[in-house]
Each structure stands twice: as C-alpha cells, then as structure tokens.
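To start, the structure under review is shown below, and the notes come after it.
The values are calculated or read from the model by the stated rules, or taken from the named source; none is laboratory data. Not measured: the values here are computed from a predicted model. Because the Cβ atoms are built from the backbone with ideal geometry, glycine has one as well, and the counts that use them run over all protein chains shown.
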There are 2 protein chains.
Amino acid sequence: MSGERDVVRSTYLIETPHALGRAAEVMAGEQSTGTFVAVPGETDEVKARSAARIVGIEELEPVREPSLPGAKPPKEWDGLYRRGRVTLEFPMHNFGPSIPNLMATVAGNLYELQEFSGLRLLDLELPEAFCRRYRGPKFGVEGTRRLAGVLGRPIIGTIVKPSIGLTVEELRLLVRELADAGLDFIKDDELNASPTFAPIEDKVKAVMEEIERAADRTGKKVMYAFNITGDIDELKRRHDLVCAHGGTCIMVSIQSIGLAGLAHLNGYSELPIHGHRNQWGMMTRSPALGMEFAAYQKLCRLAGADHLHVNALDSKFYESNESVIRSVRALREPFAGGAHACMPVLSSGQSAATAERTYRQLGTYDLMNIAGGGIMAHPDGPAAGVRSMQQAWEAAIAGIPRETYAERHAELRRALETFSRSG
Amino acid sequence: MSGERDVVRSTYLIETPHALGRAAEVMAGEQSTGTFVAVPGETDEVKARSAARIVGIEELEPVREPSLPGAKPPKEWDGLYRRGRVTLEFPMHNFGPSIPNLMATVAGNLYELQEFSGLRLLDLELPEAFCRRYRGPKFGVEGTRRLAGVLGRPIIGTIVKPSIGLTVEELRLLVRELADAGLDFIKDDELNASPTFAPIEDKVKAVMEEIERAADRTGKKVMYAFNITGDIDELKRRHDLVCAHGGTCIMVSIQSIGLAGLAHLNGYSELPIHGHRNQWGMMTRSPALGMEFAAYQKLCRLAGADHLHVNALDSKFYESNESVIRSVRALREPFAGGAHACMPVLSSGQSAATAERTYRQLGTYDLMNIAGGGIMAHPDGPAAGVRSMQQAWEAAIAGIPRETYAERHAELRRALETFSRSG
C-alpha cells in the first residue's frame, strides 16, 4: 500500500576524490533539499519532509586514475579516487509515482557533479504506487505466445534485411517467402519505420495482405512487428493503422520516443509493444557512467514494453555474455509489487548455431530468438533458415546434441556448416 | 529545398582496433543496408537507394588503452586503438525529417558495436526539411525578452530553493519577496514538479496570485517557469493550467519527456518552453561515448526549446569553461536553414561575483543568468541578492570594474564579500 511514507531507493556505483560519506551527502543534498551554499529555507521541517537519506555505503577498492574527466579533488587529498556502492532513499511524495519526475531525481544532475569521477545508477527499488500508475505490459510472454500461436519453444523470428532499402513490392515477396517457411515472427529493422520509398501506410497494407493470404494457406498467422517509431501523434496514427489491417504487434525505438512516449502509447495500445533499446549503448557502455540495465529495464517494463531487446550471447556487440544472461534474468524478476512480464528478445549474430548454447546458458525458452542474416543468408534460402532455427531449438530443448540432430535434419546441418564460426 | 536527394551528415569521433576505413565501413553498413553477413537482398539497386556514404575520415593520434570495454581487435593487430573523425552521409529518404527515426540512424546501435572502443556523435548537418517539419522555438530570445520586459541586459532569475520541500504557503511568501525585489524570472527546480505537499494546481494558483499582486504594486510581471514535467497527457493539462492562470513560461526536463515529448508539447504550447537538460550528463561526460552538445542542442531547438541550460562558468559541475563557452556560441548558430533562436541559461554557482567574468568570456548578454544560492543566500536577504546581480551586470556591460562599482552599491559589495570565493 502506498502512503506519505512511500520511498524510492536508488543504488549507485560512485567514484570520488572525496570521502565516500561526504560524496554520498552531496548526492542526497543535491537531489533533495540542498544547494551549493546553505539557504535560509532549508529548515529542519523542510528536511524532515523532503530530504533524501543515505541508507547504505559499501566501500570498494579505490583507483589512482579517474574514470571520467572533470572531478575536482578536495584541498587535502591523498591522490586516491574512492569507489563504493551508495544507496539513497527518497520520500516518494517529492515527485510522486511519475517516471519523468523520478528520473529528474534519481539521475538528474548527478552525473555532472564535480565531486565525482564516476557515477552510475545500478538499480532502483520502487513502491507499488508506480504499478498502479503505470499499467506495464498488457501482453507480455503469455499474451505474445497466444497471438503468435507458439508454445513450448522460443518465438523464432527474423528482421527484414537489408535493414533499409526494400520497396513495398520487394518486401511483399520476402514476407510471402518467410510466412510460407513457417516463421513465427518478423520485425522491421529499427532503421526502417516509414521511408519515402516504402511509406508505412503502403507497407502495412501489403505486409498484412501477404500474412493473411499465407495464413489461409498454412493456418498460421505470422506476427509482424511494424516499426511505428515517430512523433507522439504519429505513434497513435500508426498504431491505429496496424490495428485496422489486422496486425498483431508494433515496434518502437524506446529511446527515440522516450519512456514518456512509451507510457503514452501503452495507454491506448491494443497490441504487444516490441521495445527496441537502440541508443541505450550511449547510456551504459562506460562502466563508470550512466545506468545498468537492471534499472533501465524496470522503467521500460512499467512504461509498457511487452518485449525488450537484450542483445544475445556471442553477438556482434561489445556486451559480455554474463551481462546478457543477467539481463534475461532481470526481465523475469517481479518488482514494485507487480509481475510486468516482459519477453527478452535475443538478437544479433543469431543462427541455428547459437540455439544450444543459448538454451544451456539461459535455462529458459521464454524468449524471442531473432536471426537476421542467420535466416536470410542460409545457403538454401530463408525457408531453410527458418527450419534450421526450429530444428536447433528442438534439439536443444530435447537435450540432443546438435550434431546428432543435424544428421537427420539437412537444414540444421547446412546452417551449422555455414554459421558455426559465429556460434 | 528538399527532395529525394536530401542528405543528413553526421560526424563522429571514433576509436577502434581496426583500420579507420574498415571501421567507417562498418558504421555505414550497419546503419543502412548491411548486416553481419552478406544477404541476398543487398543488391546494387538497394545500395544505390539507401546506403550511407563515408564522406570524410580524418586520422587522429592513436592510443594504447581502449577508452571503453568490449572492443574486439582483428586477428592481425599491432596493439593500437586508432582514433579519427568520421563523417557519414545518409539519404534522408531512409527515415524522413523525423527526429525519432533520425536518432535510430545516426546513433542507434552504433555505440554497442564491438569494432569500437569509443564512439561519440560530434555534430549533425540536417536538411531544411527538418525545419519545415519541426517549428522550433516560438519565442526564443526576443519573445522571452518581450514577455519578461527585459532589454539591454540578461534576464536575471533564481531557482526556488530548497530545491524540493516548500509548501504552497511557504512558496507564496518567497515569490512575494522575490517579486518585490524586482527579479525578472523565477523557476522551479527540476526536482520540483508536483509534489504531494505542493500539487501543481495549488502552486500555479498561489504563485500567479502573488505575481499579479506584485505586478499591481511594481508594474513588473515576473516570469515564472513552472516545472510541468510529467507524462504526455499531464504536459497538456499542466500547460493549460499555467495558461489559464496567466503564467508566462513552462519548464520541462527534456530527457524526462524525450525529444518526441518536447516536439509534441511545442505543437500546442502558447508559452516559452524552458528546457532543462538534466540527465544529459550521462550521455556526454565520457569523452569517448555519447554525444556532443553541438549535436544535442540542434535537436532540442528543432523540437522547441526556447531556453536551454548550458551550466555556467566556474560552476559546481565537471564541465570546463571552454565547453560552456562553446555551448553558448552553438546556441546562436542558425542551422538547417532556420534560426531557431534559443536563449542560453547559465545556472549553477552563479552570483554577483560571476557576472563580470561571464560577460567578458561570452561577449553577449542575450542569456538568462540564474542564481539560486547566489540570490537566496545573500547576507541581506533575497531582495539584496537580486539587486546585487543587477548591479554586477550593469557594471560588466558598462565596462566598470566590479570593485569600483561596488564602492557605491552596497548590495554588490556585500555579495562580492560573500561569494567571491566561488567567482
């Protein structure tokens, strides 16, 4: 239950030339009742009402070189940059259960303070009030499985490639081929929303025609995530367009529309929202700056992401496999008194060669496994690419070594020959 | 004029264990027609239609240590991380004049590629089509001066401090005092939008009552930037609320509402939009990651920021004075065929002691100079704080040394005695 005493806890990794306790005080003061000099209005009453509290400081090994530029050491200084984990507690009534105002508090100006040579938001603990304000994913894992008609294995999908450039007629042929191949899911690339040579109105119409026709032939209606990323009003028009043509999924670049844009979309959306986290790298790749995915994914889930990209094992990205595994696990953890079930999307460098290891490492098949080149560049064509992915997951889930399974499954065999170097 | 051949140019600082030319090809391919393996659809026709072109590579000094983790060197490697400036050119028809889709292209997944140990977006060149799609600031410098009634000097303002915690009745007294002191501008802190103990409905009503009463007494209507940061629908309600009570400015945390949220607000806003860039630090403080303000500010201006925070000289923030000066200059440069006049907001550590140096370094008084503690913590009270700031700018603009001017201006003298250590 919520009340005046609801609190938000935020945990940070900090690096500072100051004593850790002093640095934590600066953070707490700066983000609640303080400024750079004492002001008359900062009374005990104001502090009691609104001051942030330091609830934890854990010291880590100090370093000799600052991770980020611009920190200003104190006059008396031993040359060390101290590192630690600091947890602050904010009275929720300072900002209410509002993601935009939460962010101004738990992130805000902290990253720019010269008391720090590193500052990274590691995690957030949010009260239930956030759950009541933001409804979170309406479909999640179960709803997506129902709409895609896939149980007992991952949802296997592909990205339309080349990322950008196909005309509507070229796309039509590709969708037809992929739908006939028995694929579960197709998505636009994040680069491709509504290019002049393939406006989204024409694209949705053509793609859904092909998907419905294929469904008539095969009994299976492919889920297509149309990239509706755009300005706030465009999101609504494009969502309605996809609904009107019988589409079953929309995709957005979360950083492009903002968490506020995502929450707004989720207010009226009737379809699963496929959340793409491109641009997130700039907020997380420096280990001493920005934010951990543990915190970010909670915000995305509250705001309504039914699916969320997490890269993949052995991908083309810088992220370590350990980090990817942590991300997938994080997406399954309930928080703020709600489940917010969100489906992890493993994408990048995926193929039949990556399924076995992925399943062994993650221990779940409640995920989307998206292969772009891994399906489209199968030596026997995209349909064989799809079958090779299905076969690879069948083997993995059944505990059969992929090489054994490949003996009787030609598409898998050919895929392993082609893609094993990246697997 | 726009057309099918309109292009966007984006310039990056990159750091890579690969040859610079190879790394630039990866960037161009990844963000237009390529993927990690050649796919059948990447025809010459598709490339001609949509491929990004490398239009400039400037080599810089290499380094031996990677700036960011996770880069994967090639097999044959001399141990050096090459650095350079790379300019790419994208056909605009890939994404259209759309800020959200532009960002997925010029930033997108680039930051995560393992070919790079550093990647930073330095600048953007946008075609006029962006100007036609996004109207930019409706008030800018001139409109703000008109509404605030201030000519020939900076707009002098303060931030309500303590940042968070005042009740509406406490705020009422403070606004009365500041308005009577002749202040031009008051703003909410970014931490304070609509706390439970001072909901925005009550706050706007009380503040505007005080401002109107003071205007009746003094003839001057203080501009108050109400922090309306919130979810997309709240922005509209809160904007309308401020308008209904005769307010003359609204403030938003741009990163909290997103550029899409800002552009949406600007679609209906009837007031100058005071753009606060909190959270921006996480996108810019690592020199090898994220974005330069040169690029960011163009997006904020297009989306409608009438005012934009730039820190200040000798502030409490990590940013160098050179960087602040560059930011102020950047805000004055027209781009994409439009002026997008935006007022720089100098805030943090400001007081009467900082005016002279600020004017000397910036060479302009087309700015807002915001002092929180520098006004509120003046030893003779906020009213004296306001007068000290006015006197400091009078002296600076007239070219009179501040100590000379202080001889006959008590408030300035007292301010210099109090704040000169931070000036």
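Condition check for B:Ser163 on (1) closer than 21 Å to A:Glu30 by Cα; (2) more than 9 Å from chain A (Cβ to nearest Cβ): one failure, at (2).
Taking segment A:333-353 as the range and being more than 11 Å from the chain's Cα centre (by Cα) and farther than 20 Å from A:Ala129 by Cα as the test, the residues that pass are A:Ser347, A:Ser348, A:Gly349, A:Gln350, A:Ser351, A:Ala352, A:Ala353.
Checked against (1) facing chain A (nearest Cβ under 7 Å); (2) assigned to a loop (DSSP other than H, G, I, E, B); (3) modelled with pLDDT of 95 or more, B:Lys221 passes all but condition (1).
Taken over segment A:353-366, the criterion of being surrounded by fewer than 24 Cβ atoms within 10 Å (Cβ to Cβ) and either in contact with a strand residue (DSSP E or B) (Cβ under 8 Å, 6 or more places away or on another chain) or not basic (Lys, Arg) (or both) is satisfied by A:Glu356, A:Tyr359, A:Gln361, A:Leu362, A:Gly363, A:Thr364, A:Tyr365, A:Asp366.
Checking the condition over 18 Å from the mean Cα position of the chain (by Cα), over 22 Å from B:Ser253 (Cα atoms), among the acidic types (Asp, Glu) and surrounded by fewer than 24 Cβ atoms within 10 Å (Cβ to Cβ), which residue from B:Glu177, B:Glu201, B:Glu112 passes? So that I can check it myself, show each step before the final result.
On the way: B:Glu201 fails: over 22 Å from B:Ser253 (Cα atoms); B:Glu112 fails: surrounded by fewer than 24 Cβ atoms within 10 Å (Cβ to Cβ).
Criteria check complete, one pass: B:Glu177.
For segment B:356-371, the criterion of a residue being small (Gly, Ala, Ser) and in a helix (DSSP H, G or I) is satisfied by no position. Against the condition closer than 28 Å to A:Cys300 by Cβ and among the charged types (D, E, K, R), how does A:Arg414 come out, does it pass? When the stated conditions are applied, A:Arg414 does not pass them.
Taking segment B:264-351 as the region of interest, the helices (runs of 4 or more DSSP H) fully inside it that hold 2 or more residues being aliphatic (A, V, I, L, M), over 23 Å from B:Ile250 (Cβ atoms) and within 11 Å of chain A (Cβ to nearest Cβ) are B:281-284. When A:Gly157, A:Gly165, A:Gly182, A:Gly152 are checked against the criterion of being assigned by TED's automatic domain parsing to the domain that holds A:Met251, more than 20 Å from A:Tyr365 (Cα to Cα), outside any helix (DSSP H, G or I) and not basic (Lys, Arg), A:Gly165 stands alone in meeting it.
Taking each residue of segment A:324-344 that is not assigned by TED's automatic domain parsing to the domain that holds A:Arg9 and looking for partners that are of a type in the set (Val, Ile, Thr) with beta-carbon atoms closer than 6 Å, six or more apart or interchain, yields A:Val324/A:Val310; A:Ser327/A:Val310; A:Val328/A:Val310; A:Ala341/A:Val141; A:Met343/A:Val141; A:Met343/A:Thr144; A:Pro344/A:Val310; A:Pro344/A:Val328.
Applying the selection to segment A:168-215, what residues are among the β-branched types (Val, Ile, Thr) and more than 8 Å from chain B (Cβ to nearest Cβ)? A:Val168, A:Val175, A:Ile186, A:Ile200, A:Val204, A:Val207, A:Ile211 - these are the residues of segment A:168-215 that are among the β-branched types (Val, Ile, Thr) and more than 8 Å from chain B (Cβ to nearest Cβ). Where helices (runs of 4 or more DSSP H) sit wholly within segment A:23-134, those with at least 2 residues that are at the interface with chain B (Cβ under 7 Å from one of its Cβ atoms) occupy A:44-50, A:99-106.
Candidates in segment B:115-140 are the residues that are surrounded by fewer than 23 Cβ atoms within 10 Å (Cβ to Cβ) and within 30 Å of B:Val386 (Cα to Cα); of these, the one that is nearest to the chain's Cα centre (by Cα) is B:Gly140.
Within the group A:Glu170, A:Glu142, A:Glu125, A:Glu112, which residue is out of contact with any Pro (no Cβ under 9 Å at 6 or more places or on another chain), among the acidic types (Asp, Glu), modelled with pLDDT of 95 or more and farther than 22 Å from A:Leu302 by Cβ?
Details: A:Glu170 fails: modelled with pLDDT of 95 or more; A:Glu142 fails: farther than 22 Å from A:Leu302 by Cβ; A:Glu125 fails: farther than 22 Å from A:Leu302 by Cβ.
Step by step, each of A:Glu170, A:Glu142, A:Glu125, A:Glu112 is checked, and only A:Glu112 is out of contact with any Pro (no Cβ under 9 Å at 6 or more places or on another chain), among the acidic types (Asp, Glu), modelled with pLDDT of 95 or more and farther than 22 Å from A:Leu302 by Cβ.
Checking each residue in segment B:76-128 for being touching a strand residue (DSSP E or B) at 6+ places or on another chain (Cβ under 7 Å) and of a type in the set (Gly, Ala, Ser) picks out B:Gly84, B:Ala104, B:Ala107, B:Ser117, B:Gly118. Residues in segment A:230-258 that are within 7 Å of chain B (Cβ to nearest Cβ) and touching a residue at least 40 places away in the same chain (Cβ under 8 Å): A:Ser253 only. Only a single criterion out of (1) part of a loop (DSSP other than H, G, I, E, B); (2) modelled with pLDDT of 95 or more; (3) out of contact with any Pro (no Cβ under 7 Å at 6 or more places or on another chain) is not satisfied by B:Ser388, namely (1).
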